[in-house]
Amino acid sequence: MSVSSTIIIILLSVGCVQGLIYGGILLRSSENNKLANRILATILFFLSYRLLVQILRLFGLGRYDGWYYVMLDFSWIHGPLLYFYVKAQLTNNFKFKRNDLVHLIPFAIQVAFSIFVRLQNLYWEGTRESLSWLGYWGYVVWMNLSTIYFVASILIILYATKAQKLIKLKNMGETISSGSSNWLKKVLLAFKVYFIVVLCILLVDLIVINKAAFTSYFYFTQFYYYPFFIGISGLTYWLGIEGYRRKDSKYLRAKIPNDELAQLTMIANDLNATMEENKWFKDPELTLGSLAANMKIKPYLLTKCLNTVKQKKFADYINELRVKELQSLLQQPKNEKYTLLSLAFEAGFNSKSSFNRAVKKHLGVSPSELRTSF
């Protein structure tokens, strides 16, 4: 075995083992998000299975021996599973319904056609005439071209887009907070971007490279074949770790009675007005308790208002106001003689490190870049 093959086996094995371990943990999860965790475990198992298939092929198993007929591809199920995972996270008491089966039609087609194509080897006698018309061209399209990956990429992109729209609708309906859905957005974006890149490469290969010099046996010769699986291994590794970390995360908001929501909205309006008028955020020693006392309300009500209406933690809310105040100070010509840090202290920050973190978090730039923008 060559050094390159050994390196590839190691890289694929890392993702494969990671997916199997965390998939097993998520499968046994009995806490929050039980169904969603099981769907994610299934995704990890399918990804790990595909990596395992490729590892076995590198060891010479699963090509034209007894393993060959059980090494089916299940890549067309990844897109629907990704969508079901997001839906299960964002839907109370989510259960599979009969009309959900329509999303599994591509998967059923892939399994059926894969079996049909592989069975052609039982009739192959070395000549085209030994196979039926459908058997021959099915084999060519299925095994010699990138058909499986082409369709799989399109399905993942379509279902990732569908899931992104679902998150957007849930956010608009205020059933989830924008912060709690960030993990789901990252998953969808990662899969969507990766498979858009894969799809572009496949199209270039089909339109340019294959026309210039057609090469048979796509599965074992194309230049992007192993890099593609190394990328899948990386996605599986990351998905396993992050999925495990968030296996008990709550994405849905608790239903808030209308009268309570009205009270919290009123507190939020008072908070906006008093911050505009009194600028209490400029006090570097300001705490949630002292702010609640100034507003003459209970601290727990202020916390609930910030979490529910503002969808922010106290520190993030105050620092965002301080950053806006700093931007206002920087726009005033009379402050050009002052250092950025002195203006930051005037805006309410009590340390250089907290100021740097806040600017980076809320504006996405460094403090030095902030100064030059004014």
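The values are calculated or read from the model by the stated rules, or taken from the named source; none is laboratory data. Being a predicted model, the structure only gives us computed values, none of them experimental. Here the Cβ positions follow ideal geometry from the backbone for every residue, glycine too, while neighbour counts run over all protein chains shown. SASA here: full protein model, heavy atoms, side chains in, ligands and nucleic acids out. Shrake-Rupley method; radii C 1.70, N 1.55, O 1.52, S 1.80 Å.
Some points to look at:
- Sorting the segments 258-267, 321-330, 16-25 by their mean number of nearby beta carbons within 10 angstrom, highest to lowest, gives 16-25, 321-330, 258-267.
- Between the helical axis of 147-172 and the longest alpha-carbon principal axis of the chain there is an angle of about 20 degrees.
- Couplings for the range 298-315, taken from phi via the Karplus curve 6.51 cos²θ - 1.76 cosθ + 1.60 with θ = phi - 60°, read 6, x, 5, 5, 5, 4, 5, 4, 5, 5, 8, 8, 7, 6, 9, 7, 4, 4 Hz in order; Gly and Pro are left as x.
- Placing a pseudo-label 7 Å from each Cα along the Cα-to-Cβ vector at Tyr224 and Arg357 gives an inter-label distance of 4.2 nm.
- From the coordinates shown, percent of Cα pairs over 39 Å apart corresponds to which of (i) 17; (ii) 20; (iii) 38: (iii)
- For the chain, the carbon plus sulfur part of the accessible surface works out to 62%, probe radius 1.4 Å.
- Charge dipole (debye, nearest 20) of the range 293-355; +1 at Cβ of Lys and Arg, -1 at Cβ of Asp and Glu: 300
- Computed from the C-beta positions of Lys95 and Gln263 and an R0 of 45 Å, the FRET efficiency is 0.85 to the nearest 0.05.
- Each residue of the range 4-17 was assigned a 3J(HN,Hα) from its phi angle through the Karplus expression (A = 6.51, B = -1.76, C = 1.60, θ = phi - 60°), giving 4, 5, 5, 5, 4, 4, 5, 5, 5, 5, 4, x, 4, 5 Hz with x at Gly and Pro.
- Charged neighbours of Gln263, selected by a Cβ distance under 12 Å, balance to -1 (K, R count +1; D, E count -1).
- Packing, taken as the mean count of other beta carbons within 10 Å per residue, orders the peptides 123-132, 311-320 from highest to lowest as 311-320, 123-132.
- Extension gain (nm, one decimal) between Asn272 and Tyr123, 0.36 nm per residue minus Cα-Cα: 45.9 nm
- Selection from Ile157, Ile10, Pro227, by position along the positive dipole direction of the chain (Cβ): Ile157
- Simple Cβ-charge dipole of the chain, Lys/Arg +1 and Asp/Glu -1, about Cα centre, in debye nearest 20: 620
- C-alpha long axis of helix 78-90 to longest principal axis of the chain, angle in °: 30
- On Cα atoms only, tilt of 182-204 relative to the major axis of the chain in degrees: 40
- The residues of the chain have, on average, 53 Å² of accessible surface per residue, using a 1.4 Å probe with all protein chains present.
- Judged by the ratio a/c of the largest to the smallest principal axis of the C-alpha gyration tensor, the range 1-151 counts as oblate, that ratio being 1.5 or greater while a/b is no larger than b/c.
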